Amino acid sequence: MKYQPVIGLEVHVQLKTNTKIFCGCSTQFGAEPNSQTCPVCLGLPGALPVLNRKVVEFAIKGGLATNCRIAPRSVFARKNYFYPDLPKGYQISQYELPICEHGHLDIEVDGVAKRIGITRIHMEEDAGKLVHSDVPGLGSGSGVDLNRACTPLLEIVSEPDIRTADEAVAYLKKLHQIVVYLGICDGNMEEGSFRCDANVSVMPVGAEKFGTRTETKNVNSFRFVKQAIEYEIERQIEVIEDGGKIVQETRLFDPDSGMTRSMRGKEDAHDYRYFPDPDLVPLVISDEWINEVRLSLPELPEAKLARYQRELGLSLYDAEVLTASRTLAAYYEEILAAGAAAKAAANWVMGEVTRGLNDSGLEIAACPVTPQLLAELLTLIEKGTISNKIAKTVFDEMWQSGKRPEEIVAEKGLIQVSDSGAIEKIIDEIMAANMGQVAEYRGGKEKVFGFFVGQVMRASKGQANPAVVNDLLLQKLKG
């Protein structure tokens, strides 16, 4: 390539608090428009903001988990701009003195590790939401829903260290995983709980000065982020090679066309006329509070991934799948706590459990087979009470009925047959009925062995112990 892309991401993380950042209104999603508002979040004259302590705690958690320095003193600022869904005419944010700075996340793309710097994390309030619709009898129109106004956000700003769309997606996925693990965000991208502004520019390879950047606003899926960045890189290169100049502007991504389009000119910081908010005193955070929050942090994905490989002997792939979500990892660990072996439990969670969830459209938290019941099923397999094949039948019944595996095995008569005498009798009958295949095997056609195993398992209705079947068949077929 003749050009080098330069990408920086601004991620908005909606915090999972019950109330808003500066008032007591609910943050519940999906309520009747404008039903969760008060004089503070409506920006009425004389209404004063009061900072939500839980928001600060969540910000500290986010900063610690992304290797940031937590500022002992930070300041709220007013970011002035006029837009229909911003009732006050300004947004309470942080500017020169944010709560967290100088962090990083390590990512890996195509086997290559890379560190992405985090410039800052600051707290701010969200704006409202414009709703565009057709009104019967009135034609098309727009309404303003201010339920979201004053909802708490963390804005996480990366350094311009990202060079490809794949790196951007890897960074976003890791950040998304962390905030969900921390419990500070539900991670629902469709509802806007985790969304991204992508700053993209291109410069000639070898140049030191970055090109003019554009900002693509509010992209709310990993796939769309990748498409938006790749399109914007191609568009900017085409403009430059056609003799044009890139305009600093804010753009929107259209998922239907896969293209970005111009929205408005991009402001610089001085255009927002930042100044310290006179209604909010500086925020002072003690070392004791930071240490208290640090002690409350859960085991984070990277640490859990390493532990699963080191202590449980799982492969990197297995560990990555099981640690992908905190709830899946918790489900798996409850199976281990109930006495199941690590590898067997991993296989069943990634196999039958995941299949059942996908088929039923359920999340792991709603799984009908509890970790305790699955551990009991794995114990029956380990003891030889049932075979792995029969266990899958039992699992399906557990999924539908919620019954314990022992109960299902007893009701359906599924106990595995390990009596060599009973199995030997079945083998003798099958060999007598298939002397041609016996001759083939003894003549060197060893693939016929699988035929006999299948016949024995069919005759025993799947209940014969496979290990005993294999041993006896080998003895008898060899004569």
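Length gained on full extension, residue 279 to residue 69: 73.0 nm, using 0.36 nm per residue less the C-alpha separation.
Of all DSSP beta bridges confined to the chain, the antiparallel ones make up roughly 95%.
Karplus-derived 3J(HN,Hα) values for segment 297-309, using 6.51 cos²θ - 1.76 cosθ + 1.60 with θ = phi - 60°, are 5, x, 5, 7, x, 4, 5, 5, 4, 5, 5, 4, 6 Hz; glycine and proline are entered as x. Taking the centroid of alpha carbons for each part, segment 437-462 and segment 278-293 are 74 Å apart. Compute the acute angle (0 to 90°) between the alpha-carbon long axis of helix 420-433 and the principal axis of greatest extent of the alpha-carbon atoms of the chain; round to the nearest 10°. Rounded to the nearest ten degrees, it is 80. Rounded to the nearest 500, the helix-only mean residue ellipticity at 222 nm of the chain stands at -12000 deg cm²/dmol, with each DSSP H run of n ≥ 4 adding -39,500 (n - 2.57). Taken about its Cα centre, the chain carries a charge dipole of roughly 540 debye when the Cβ of each Lys and Arg holds +1 and the Cβ of each Asp and Glu holds -1. Got a sec? Which residues in segment 234-276 would a label at residue 212 touch, if it sits 7 Å along Cα→Cβ and we count backbone N under 13 Å? Under cut-off, by backbone N: 236-237, 239-241, 243-250, 265-267. Cβ distances below 4.7 Å define possible disulfide partners, and in the chain the cysteines left without one are 23, 25, 38, 185, 196, 367. Farthest towards the positive end of the charge dipole of the chain, among the residues 467, 131, 93, is the Cα of 467, using unit charges on the Cβ of Lys, Arg, Asp and Glu.
Put simply, the amide H of residue 386, placed in the peptide plane, has neighbours under 5 Å in 381, 416, leaving out anything fewer than 5 places away on its chain.
Considering only Cα-Cα distances, which of the following residue pairs are longer than 22 Å: 88/173; 392/447; 173/226; 20/88?
Going by Cα-Cα distance, 88/173; 392/447 fall outside the 22 Å limit.
Annotation: the residues 325, 286, sorted from fewest to most other C-beta atoms within 10 Å of their own C-beta, follow the order 286, 325. Ranked for footprinting exposure by Cβ neighbours inside 10 Å, fewest first, 12, 122 give 12, 122. Relative contact order for segment 121-259: 18 percent, from Cα pairs under 8 Å spaced at least 6 residues apart, divided by residue count. Measure out, as a whole number of angstrom, how far apart the alpha-carbon centroids of segment 336-386 and segment 81-154 sit. Distance between centres, Cα-based: 40 Å.
FYI, it's all coordinate maths here, none of it is from the lab. This structure is a prediction, so every number in the text was calculated from the model and none was measured. Positions of Cβ are generated from backbone atoms using ideal geometry, with glycine treated the same way; all protein chains shown enter the neighbour counts.
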